[in-house]
Amino acid sequence: MASQNIAVFGVLTLSLCCFCYGGVVTVDLNGNWTVRDENRGISVTGKVPGNMYTALMESNMIHDPYYRKNDEEYRWISRDDWSYSRTFQVTSEMLGQNTLELVCDGLDTVAVIFINGHVIGQSDNMFVRYIFNIKQAAVVGTNTIKISFKSAVKYAAQQAANGEYVVPPECPVPSYHGDCHANMIRKMQSSFSWDWGPSFPTQGIWKSIYVRSYNHGVISQVTTETILGSDNNWTLKTEVFMDIPDGQNTSGNLEIRLDGTPVTHQEPISLTRDNCSVSISIAIPKTVPIKMWWPNGHGNQTLYKLYTFFTSTNGQEMSGKKIDIGFRTVEVVQDFVSANQSQGRTFYFRINNKPIYFKGSNWIPADVFLDRVTPDYVNELLQAAADVNMNVLRVWGGGVYEMEELYEAADRLGIMIWQDFMFGCAMYPVHESFMDSVASEITYQVRRLKHHPSIVIWSGNNENEKALIQSWYNTDANFTRYKSDYLTLYKGLMAPLVAREDSSRPFILSSPGNGVESLQEGGVATEPWSELYGDIHEYKYLLPFYLDGTYRIPRFSSEYGLQAYPSYETLKKVYAPEDLTYWSDLNDYRQHHPAGNVELMAEISMLFTLPNSTDPNQRFKDSIYLTQITQAVGIKAETEHYRRWQNRLDESGRGNTMGAMYWQLNDIWQAPTWASLEYGGQWKMLHYFARHFFAPLLISPYMDGDDVYVYLVADHIPVVEDRHPDTHRLTFRPDYSTGLGKVRGLGLSGQLHIVMYSWNNSTPLHSWVQQYSLNETSELVFHNNTLDMMKEAGCIQGKNFCFLFFHLGDPGNEPVAWQPLTEYKSVVGLKNSVVQVVDVQQTTTDKQVYNITVTAGSISVFVWLDAHDIRGRFSDNGFLMVTSKKLVQFYASEPTDVSSLRIALTVRSLADVYH
Ligand code: BMA
C-alpha cells in the first residue's frame with residue numbers, strides 16, 4: 001500500500017486491536033459484526049468491510065446470488081433495512097484525549113450511527129469519508145456501535161416521491177431486471193442494474209472503520225502536483241490536510257521527505273479545524289536528477305516515495321503518511337485542426353510534452369459485491385490490460401471511485417486513468433443537501449486520488465449531456481429545467497470545485513462531450529457527439545462491423561463496443577444444465593441489452609454461417625465461439641480505423657483521431673457483455689486480439705470495395721507534432737532525432753511483404769514486396785486492386801478462394817496481419833483444416849509456463865485454444881495458421897501439471913463449427 005499511515009517512532013501496543021502512533025490511538029473495527037435484518041429479525045455474523053449479501057452468503061443463508069435468477073429470488077434482501085453492530089473497547093487514556101472519533105472510510109449508504117444508543121451521526125453518500133465525534137457518547141470500557149442502514153431502494157424511491165418534479169430515468173428498461181431511481185442516491189449507480197449487470201443494491205460498511213483518539217492533529221490526506229518549469233526544473237507542490245480537534249489551535253512541525261533524494265523540507269505549522277491544510281512548494285534543484293513517469297510503452301514508470309510527518313510542539317504526538325508519486329505533466333490539446341476554424345479542434349493528450357496515442361478500454365466495478373474484489377484480482381486485471389499494450393483505462397462514472405490498489409497498479413504499470421465522477425446515464429437532483437453531499441464527495445475523492453501520476457483527467461459524468469440533448473429519458477418534456485439542473489451540477493458546482501482542488505489536470509464536463517467547445521456553447525453543446533470536437537461514444541450494432549466504412553472519424557473514441565458471450569466454463573458456474581442452450585429462458589434473462597441475443601445472431605450472420613449442429617448444447621458452444629470472433633473482429637476493425645486516422649483529415653476536417661478506448665475491459669458477473677475479460681479474469685478472443693491491434697508497430701490492412709489499403713502505424717516512438725505552415729494541418733511524425741525507433745528494433749523503414757494464399761493450400765500463390773520508410777506515425781504504405789492482384793497471383797476461381805497475408809520480417813514473427821477478400825461465409829477451402837495439440841511441455845525456467853505445439857492440416861482461421869477449468873492465459877489465441885506448426889505458451893495462474901493440462905486442452909478453428 002503506497003498510501004498508509006506510518007509510525008514515526010516506536011509503536012506502543014495497548015491491546016490486540018489498538019495501535020498507538022505517538023499520542024494517536026486507533027482501534028480497528030474491521031472484522032466480525034452482527035448483521036441483522038431489521039424487518040425479519042434474521043441475524044448473522046458478517047465481515048467488515050462487507051455487505052448484507054456477502055454476510056448471508058458466508059452464513060449459508062443464501063446461495064450464490066449470481067446463480068440463475070437469484071437476483072430476482074433475493075429481491076427481498078434489498079427491500080429490508082439492515083443493521084451492523086458490535087462492541088469495542090475504549091481506554092481511559094483515549095477518552096481523556098481532546099478528540100475521540102469514529103472514522104468510516106465508506107458507508108453504503110443511508111444510515112444512522114449509534115454509540116451506546118446515542119445517535120452520533122448520519123450518512124447518505126457512499127463516496128465520502130465520515131468522521132463522527134463520539135466523545136460524549138463513548139464510555140471507558142465496553143461500548144456498542146450500531147449502524148442502522150435504510151434500504152437503498154426504498155430510500156431512493158422516497159427521495160423521488162419527495163421531489164418537486166421527476167428526475168429521470170425513473171426506472172431502467174425491463175430487460176435489466178433492475179431497480180428504480182438509482183440517481184436519487186449517492187451510491188454505485190450500477191448496483192441498481194445495468195445493461196451488463198444485475199441489481200444487488202447493497203447495504204453495509206464497504207471500507208475500513210475505526211475509532212481514533214488524539215490531542216493535537218492527524219495527517220489525513222496528502223496531495224501533490226508536479227510542475228515542470230520552462231527552465232526544465234521540477235517544482236513539487238504538496239498539500240497536507242490534517243484532522244484537528246474542534247475549537248483548537250494545533251501547532252507543531254511538519255516535515256516532508258522525497259525518498260531516494262536529498263529533498264527535504266521542514267516548517268512550523270499552526271492549524272485549526274477550519275484552516276486545516278498547509279501547501280508547500282519545493283523547487284527541486286537541478287542537482288537532483290528527476291526521472292519522469294511515462295505511460296506504458298513510452299518509457300519507465302519511475303515512482304518516488306513521499307513521506308510527510310507531523311510532530312506536535314510538545315513532541316508528544318506524531319502522525320505520518322507515505323504516498324508514491326511520479327513526475328509527469330499532462331495537458332489536453334484542443335487547438336483548431338486547420339486554418340479553417342469550422343473544422344473543429346483536436347482532442348489529444350500530451351504527457352511530458354509528448355503527444356501520446358491513448359490505447360485502452362473502460363473499467364467497471366469488478367463485482368457488484370465490492371468487498372469480494374481483492375487487490376490481487378485488480379492487479380491481475382490491470383496486468384492483463386498492460387499485457388495487451390494498453391496505456392489507459394477509464395474508471396467509468398456508473399461505478400465507484402476505485403480502491404487504492406487499482407490506482408497503485410496503474411501507477412506501476414503505466415496505465416493512465418481517465419477518472420469519471422460517479423454520475424452516469426441519468427439526470428440528477430440539485431437540491432441543497434444533494435449538492436452539499438456532492439461537494440464533499442468531489443473534494444474528498446480529488447484529495448484522495450490526486451497524488452497518483454496515472455490519473456490524467458477528471459471527467460464530470462458518463463453520457464448525461466448526450467442523454468439530455470437526445471432526450472433519452474424524455475427530458476424534452478421539460479428541457480429548460482433539466483438543462484439548468486445539468487449546468488448547476490457540473491458547471492456550477494463541480495467545475496470550480498475541481499479547479500480549486502487540482503490545477504494540474506484537465507477537467508471535462510461530460511464524456512462524450514465537445515471539450516472546450518461544450519464550454520463555449522455554455523456547457524451543453526448542441527451536438528455533444530460531434531466528430532470535430534472532444535470524445536465520442538460510438539455503438540454501431542447491426543452494421544457490417546468488419547468494414548472500415550462503418551465507422552465515424554472522431555478526434556477520440558472513448559467508448560465503442562460489441563457484445564460477446566463469456567466462455568462455457570464461466571457460464572456453467574451460474575447456469576443449470578438445462579440453461580446451457582442459446583435460446584433458453586435463462587440465457588434470455590441473462591442478456592440485459594434489449595434484443596441482444598437476436599442482435600448477436602444477426603451480427604454473426606453478416607460474416608459467418610450460423611452454427612448448425614443438431615445438438616443444442618454444441619450449438620451453444622459454437623455460438624459462444626462465434627460471438628467472441630465477431631466481437632474481436634469488429635473491435636479490431638474499429639480500433640485500427642481510429643489508429644490509422646491519427647495523421648489525416650478528410651475534406652470536412654474529420655481525423656487526427658488520437659484515442660481508442662473500447663467498451664469494456666472487465667465484467668461484473670457471468671453474462672453476455674461488451675467485456676474482453678470475463679468475470680474471473682479469463683480472456684475472451686477480443687483480449688487476445690487487443691494485443692495485436694494495440695501493438696506498438698501495427699500492420700493494418702482494410703478493404704474498400706475491391707481495393708486493399710495497408711497502413712503501418714508506429715505511434716510508440718517519440719513523436720513530434722508538425723503543423724503545415726499554410727493549411728495549419730497537424731501531423732504526428734516520428735522523432736528521428738532520438739534514434740529510438742531503431743534502438744528498440746522496430747525499424748521505421750523496411751519491407752512489407754504481401755502474400756496471396758488460397759484458403760485450401762499453405763503454399764503461397766504469390767507475393768509482393770513493398771519498400772517503406774515512415775514519415776508519419778500512421779502511413780499508407782500499400783494500395784492495390786485485389787482483382788488485379790488475384791490475376792497476377794493466379795487466384796482464378798474468385799475472391800472466395802483466396803486471401804492476403806502480410807508480414808514485415810520473418811512470416812512467423814509479429815507483426816503479421818491477414819485480410820480476407822470476402823465474408824467468411826462465402827469462403828471456400830477451409831473445410832479440411834484440422835487443428836490439433838500435439839505436444840505440451842513444462843518450461844524449465846518457469847514452472848507455471850507451458851509450451852504447447854499446435855499443428856494444422858492446412859490453413860486454419862481463428863484457431864482457439866482452451867484450457868477450460870485450468871486458469872491461465874495463452875501467449876496468443878484466435879490466430880491464423882498458414883504454417884503447419886505453431887508454438888504457443890500457456891501461463892497458468894494456478895498450479896497445474898503437464899498431464900492435467902494435456903487432458904484439459906482443446907483446440908478448434910472456424911472449420912470445426914460446421915460439421
Ligand atoms: C455506454 C456506457 C454504458 C453501457 C455501454 C453499453 O452507454 O457508458 O452505460 O453499458 O454503453 O451499452
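Residue-wise test of (1) aromatic (Phe, Trp, Tyr); (2) over 21 Å from Val861 (Cβ atoms); (3) in a helix (DSSP H, G or I); (4) away from the ligand (no atom under 16 Å from the Cβ).
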residue	(1), (2), (3), (4)
His537	no, yes, no, no
Leu562	no, no, no, no
Glu569	no, yes, yes, yes
Ser613	no, no, no, yes
Leu626	no, no, yes, yes
Ile629	no, no, yes, yes
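Give the number of residues within the stretch 564-610 that are under 14 Å from Gln670 (Cβ atoms) and not small (Gly, Ala, Ser).
If we filter the stretch 564-610 for residues that are under 14 Å from Gln670 (Cβ atoms), which is where we start, we get 564-576, 579-580, 586-587, 589-592.
Adding the requirement that they be not small (Gly, Ala, Ser) leaves 565-566, 568-575, 579-580, 586-587, 589-592.
So the answer is 18.
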Determine if the stretch 123-137 includes at least one residue that is assigned to a strand (DSSP E or B), more than 32 Å from the chain's Cα centre (by Cα) and of a type outside the set (D, E, K, R). yes
Tabulated pairs, the stretch 90-101, first within 20 Å of Ile145 (Cα to Cα), second assigned to a helix (DSSP H, G or I), C-beta under 7 angstrom, 6+ apart or interchain: Leu100/Met94
Taking only pairs six or more apart or across chains, which ones have beta-carbon atoms under 7 Å, a first residue in the stretch 422-445 that is over 13 Å from Leu493 (Cα atoms), and a second residue that is open to solvent by 10 Å² or more (accessible area, probe 1.4 Å) and of a type in the set (Lys, Arg)? Tyr444/Arg129
Restricting attention to strands (runs of 3 or more DSSP E) lying wholly within the stretch 385-488, give those where 2 or more residues are within 16 Å of the ligand (Cβ to nearest atom) and farther than 17 Å from Phe127 by Cα. 392-395
Could you list all residues from the stretch 352-384 that are among the aliphatic types (A, V, I, L, M), away from the ligand (no atom under 16 Å from the Cβ) and in contact (Cβ under 8 Å) with a residue 60 or more places away in the chain? Ile356, Leu370, Leu381, Ala384
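Name the residues in the stretch 71-93 that are over 26 Å from Leu370 (Cα atoms) and either in contact with a Phe, Trp or Tyr (Cβ under 9 Å, 6 or more places away or on another chain) or open to solvent by 20 Å² or more (accessible area, probe 1.4 Å) (or both), would you?
Residues satisfying the conditions are Gln89, Thr91, Ser92, Glu93.
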Pairs under 6 Å by beta carbon, first residue among the charged types (D, E, K, R) in the stretch 853-880, partner surrounded by fewer than 22 Cβ atoms within 10 Å (Cβ to Cβ) and part of a loop (DSSP other than H, G, I, E, B), six or more apart or different chains? Arg871/Ser893; Arg871/Glu894
Filter the stretch 454-477 for residues that are of a type in the set (A, V, I, L, M, F, W, C) and either surrounded by 19 or more Cβ atoms within 10 Å (Cβ to Cβ) or closer than 30 Å to Glu408 by Cβ (or both); the one that is nearest to the chain's Cα centre (by Cα) is Ile455
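Counting just the residues of the stretch 691-701 that are part of a helix (DSSP H, G or I) and buried (at least 22 other Cβ atoms within 10 Å of the Cβ), which one comes out farthest from the ligand (Cβ to nearest atom)? Reasoning before the result, please.
From the stretch 691-701, those part of a helix (DSSP H, G or I) are 691-693; that's our starting set.
Pick out the ones that are also buried (at least 22 other Cβ atoms within 10 Å of the Cβ) and you get 692-693.
On the way: His692: 24, Phe693: 20 Å.
Among residues in the stretch 691-701 that are part of a helix (DSSP H, G or I) and buried (at least 22 other Cβ atoms within 10 Å of the Cβ), the one farthest from the ligand (Cβ to nearest atom) is His692.
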Just one of Ile604, Ile629 is open to solvent by less than 20 Å² (accessible area, probe 1.4 Å) and touching a strand residue (DSSP E or B) at 6+ places or on another chain (Cβ under 6 Å); which is it? Ile629
In this structure, does Thr550 turn out to be among the hydroxyl-bearing types (Ser, Thr, Tyr), away from the ligand (no atom under 16 Å from the Cβ), open to solvent by 10 Å² or more (accessible area, probe 1.4 Å) and farther than 27 Å from Met390 by Cα? no
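Could you check the stretch 897-910 and list, in sequence order, the residues that are touching a residue at least 40 places away in the same chain (Cβ under 8 Å) and open to solvent by 20 Å² or more (accessible area, probe 1.4 Å)?
Hits for the stretch 897-910 are Asp897, Val898, Arg902, Thr906, Val907, Arg908.
This table checks each residue for (1) open to solvent by 10 Å² or more (accessible area, probe 1.4 Å); (2) within 16 Å of the ligand (Cβ to nearest atom); (3) closer than 30 Å to Val769 by Cα; (4) free of Cβ contacts under 8 Å to residues at least 40 places away in the same chain.
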site	(1), (2), (3), (4)
Gln646	no, no, yes, no
Gly655	no, no, yes, no
Gly680	yes, no, no, no
Phe689	yes, no, yes, no
Met703	yes, no, yes, no
Val710	no, no, yes, no
Are any of the residues in the stretch 146-165 without any contact (Cβ under 8 Å) to a residue 24 or more places away in the chain, open to solvent by 20 Å² or more (accessible area, probe 1.4 Å), within 18 Å of Val27 (Cα to Cα) and not hydroxyl-bearing (Ser, Thr, Tyr)? no
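The values are calculated or read from the model by the stated rules, or taken from the named source; none is laboratory data. Computed from a predicted model, the values in this text were never measured in an experiment. Cβ atoms come from the backbone with ideal geometry, glycine included; neighbour counts cover every protein chain shown. We work out accessible area using only protein heavy atoms, side chains counted, and drop any ligands, DNA or RNA first. Shrake-Rupley method; radii C 1.70, N 1.55, O 1.52, S 1.80 Å.
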